[in-house]
Amino acid sequence: MWWCVLLGLAGAAVIAFLINKRYGLFKQLNIPGPEPVRFLGVIPLIKEKGIANTDMELTAKYGKNIGLYVGHRPVLLTSDADVIEEICVKKFQCFRNRVSIMNLGCTLESAVALAKDDKWEFLRRRLAPLFSPSKLEKSDVLKIMNESAKELVDHVEENIANQEFDFYKACAYFSMDVLCSSLFGHHVTSNKNPDEDFVKQVLAAFEAGNKSVVKPITFCAIFPALRHWFRCRNYNPIAKETRKFFDDHMTAEIKRRSISGKKFNDLLQSMLEADDNSNTTDDKIGKGLDLSISELTANSLFFVLSGYETVANALALTVLCLAVHPECQKKLMNEIRAHLETSTLSPYDERLKNHEDIQKLIYLHQCVNESLRMFPPFLRFNRSTNRASMINGITIPKGLDVTISIYALHRNAEVWEEPEKFDPDRFSEERLTPSQKKNFLPFGLGPRDCFGKEFAVLEVKLALVHLLQRYEVSTLPETEYPPVLEKGNFSKAENGIKLKFSERTS
Ligand code: HEM
């Protein structure tokens with residue numbers, strides 16, 4: 001009997017030793033941070049204050065490099081631009097992968113954003129070139145964006161007198177239409193048909209992949225053993241019926257395309273034709289499929305997870321900033337008129353399909369950048385560590401996860417004068433400093449950055465041009481500015497975005 005008690009005590013002592021060792025890691029590495037709360041770490045703080053406020057508060061207290069715990073997991077939270085450059089660019093080989101708290105033993109692991117090592121490289125090499133500006137311009141993507149933007153304007157018109165109208169929702173419909181048409185070859189007008197099966201399935205996938213997954217991830221951070229349980233059960237946040245729906249859709253769409261003899265020119269077509277060098281040719285339609293159907297579905301779904309709310313929030317928050325700053329709106333309108341409306345070279349509508357012409361709208365670019373600075377659609381991104389390294393005097397042991405706070409970078413008062421102020425001219429060529437360039441990372445950094453960035457920015461710019469030409473946007477008494485942000489990893493206005501739209505007269 002006594003030896004059982006002794007064994008129990010020895011076991012408890014070993015466990016206590018291991019736990020203390022784990023929670024003593026940052027003291028040992030001499031990295032400052034909050035006193036660790038056993039088992040939970042900063043989870044209660046994030047639940048109470050949200051990610052944006054947590055990052056600002058911790059950075060103000062402990063500096064740009066902070067050691068903290070998310071559940072059991074030790075994490076280096078950084079908003080130090082030099083350290084970030086080392087991690088994402090110079091020492092990329094040590095930090096190639098994203099953190100996966102949960103083992104997803106499912107098709108989603110074939111999505112480039114979640115894939116690891118060689119699999120990631122294989123997918124990135126095939127998919128990223130399809131999103132380059134020249135490729136987008138040659139495809140129907142700009143046409144799809146322009147048509148969806150016109151639908152957005154019509155939707156605003158229908159709701160101009162509606163007191164309850166939440167402009168964010170209009171932007172979400174716009175973003176949904178663009179993604180469905182260009183990624184799945186399925187044309188929807190989601191504001192008119194929100195109950196259409198396709199829209200509902202895309203939303204179900206989005207909710208599952210971005211929202212419902214938060215709880216299991218949090219549990220796995222607190223109880224790491226659960227990871228294996230999820231793995232064994234082949235856990236997939238996206239329901240079986242939803243996955244089947246998209247697999248069936250993709251199979252039918254590919255068949256339809258191969259027998260129709262028609263020329264298709266959207267992103268789905270580019271993906272079907274993507275080979276190792278991405279030198280797509282017409283005669284490969286339906287033959288050169290280098291990605292399996294499930295890889296194709298997983299990636300299209302993940303593009304929706306990456307590009308749906310992010311674009312909707314970027315657009316809605318830019319319009320909000322312009323409503324609050326009528327002088328910037330006026331300046332932007334003058335630029336749009338000068339560059340697009342007065343052109344005799346080609347019809348106005350054609351010019352909006354020309355990427356180079358849109359690039360000439362410099363102030364538009366500045367406005368979008370300033371809004372992305374103030375409200376980065378993703379507040380954080382991360383990297384896992386596959387070997388120990390020394391970064392600017394900080395020892396990063398193998399296995400330590402690194403979280404990069406975009407929000408803290410973009411709101412750093414040492415870099416950005418009056419960071420709370422919407423001032424698009426800070427992005428002008430004359431004013432933007434090298435240090436600011438390094439501290440502006442809405443789309444991440446390095447070989448694993450967001451390759452949907454040109455696609456996303458084009459969407460936002462085209463929607464802005466269509467909208468502002470028709471309407472003058474101003475605030476209502478109930479407009480909330482600055483908006484209270486939701487607590488998760490998105491810059492999303494918690495209480496929606498209420499604005500006044502009046503037909504533009506000048
Ligand atoms: C305003 C909209 C968007 C923002 C702010 C945004 C931001 C980001 C950020 C911060 C990352 C992580 C980058 C890193 O780890 O260095 C990322 C990754 C990614 N984004 Fe976006 N994104 C947006 C829209 C899109 C769209 C529309 C697509 C595709 C249709 C897309 C596809 C991706 C993919 C595939 C990755 C993972 C890349 C890889 O792992 O190689 N994003 N995005």
Cross-chain or 6+ apart pairs with Cβ under 6 Å, region 27-51 first and under 20 Å from Gly63 (Cβ atoms) and of a type outside the set (Val, Ile, Thr), then assigned to a helix (DSSP H, G or I) and open to solvent by 40 Å² or more (accessible area, probe 1.4 Å)
Pro32/Tyr62; Gly33/Tyr62
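Residues His339, His325: which one is at pLDDT 95 or above, farther than 23 Å from Lys135 by Cα and more than 14 Å from the ligand (Cβ to nearest atom)?
Values: His339 fails: at pLDDT 95 or above.
Among His339, His325, only His325 is at pLDDT 95 or above, farther than 23 Å from Lys135 by Cα and more than 14 Å from the ligand (Cβ to nearest atom).
Only residues that are open to solvent by less than 10 Å² (accessible area, probe 1.4 Å) and of a type outside the set (A, V, I, L, M): list them for region 463-477, please. Before you say what the answer is, go through the steps one by one.
Step one: list which residues in region 463-477 are open to solvent by less than 10 Å² (accessible area, probe 1.4 Å), which gives 463-465, 467-468, 471, 473.
Across region 463-477, the qualifying residue is only Tyr471.
From the list Pro74, Pro44, pick out the single residue that is farther than 30 Å from Ile358 by Cβ, part of a helix (DSSP H, G or I), open to solvent by 10 Å² or more (accessible area, probe 1.4 Å) and more than 16 Å from the ligand (Cβ to nearest atom). Talk me through it step by step, then tell me what you get.
Numbers: Pro74 fails: part of a helix (DSSP H, G or I).
Answer to the selection: Pro44.
Of the residues Glu454, Glu420, which single one is closer than 28 Å to Ala172 by Cα, outside any loop (DSSP other than H, G, I, E, B) and touching a residue at least 40 places away in the same chain (Cβ under 8 Å)?
Values: Glu420 fails: outside any loop (DSSP other than H, G, I, E, B).
Exactly one of Glu454, Glu420 is closer than 28 Å to Ala172 by Cα, outside any loop (DSSP other than H, G, I, E, B) and touching a residue at least 40 places away in the same chain (Cβ under 8 Å), namely Glu454.
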Which residue is least open to solvent (accessible area, probe 1.4 Å), if the candidates are limited to region 478-496 and must be of a type in the set (S, T, N, Q) and modelled with pLDDT of 95 or more?
Ser491
Which number in (1) surrounded by fewer than 17 Cβ atoms within 10 Å (Cβ to Cβ); (2) at pLDDT 95 or above marks the one condition that Asn386 misses?
(2)
Name the single residue that is surrounded by the fewest Cβ atoms within 10 Å (Cβ to Cβ) among those in region 171-187 being in a helix (DSSP H, G or I) and either without any contact (Cβ under 8 Å) to a residue 24 or more places away in the chain or of a type in the set (Val, Ile, Thr) (or both).
Tyr173
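For region 154-167, does any single residue satisfy the condition of being more than 13 Å from the ligand (Cβ to nearest atom), closer than 27 Å to Ile238 by Cβ and surrounded by 15 or more Cβ atoms within 10 Å (Cβ to Cβ)? Don't jump to the end; show me each part of the working.
As a first pass, look at region 154-167 and keep what is more than 13 Å from the ligand (Cβ to nearest atom): 154-167.
Now restrict to residues that are closer than 27 Å to Ile238 by Cβ: 166.
Remaining after also requiring surrounded by 15 or more Cβ atoms within 10 Å (Cβ to Cβ): 166.
Yes, the conditions are met somewhere in region 154-167.
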Any residue at all in region 188-199 that's within 30 Å of Pro74 (Cα to Cα) and assigned to a helix (DSSP H, G or I)?
no
Taking region 51-71 and keeping only residues that are surrounded by 20 or more Cβ atoms within 10 Å (Cβ to Cβ), closer than 24 Å to Val484 by Cα and of a type outside the set (Val, Ile, Thr), one is left with Ala52, Asp55, Leu58
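The values are calculated or read from the model by the stated rules, or taken from the named source; none is laboratory data. Everything numeric here is computed off the predicted structure, so don't read it as measured data. Virtual Cβ from ideal backbone geometry, glycine too; neighbours counted across all protein chains shown. These area figures cover heavy atoms from the full protein model, side chains too; ligands, DNA and RNA do not enter into them. Shrake-Rupley method; radii C 1.70, N 1.55, O 1.52, S 1.80 Å.
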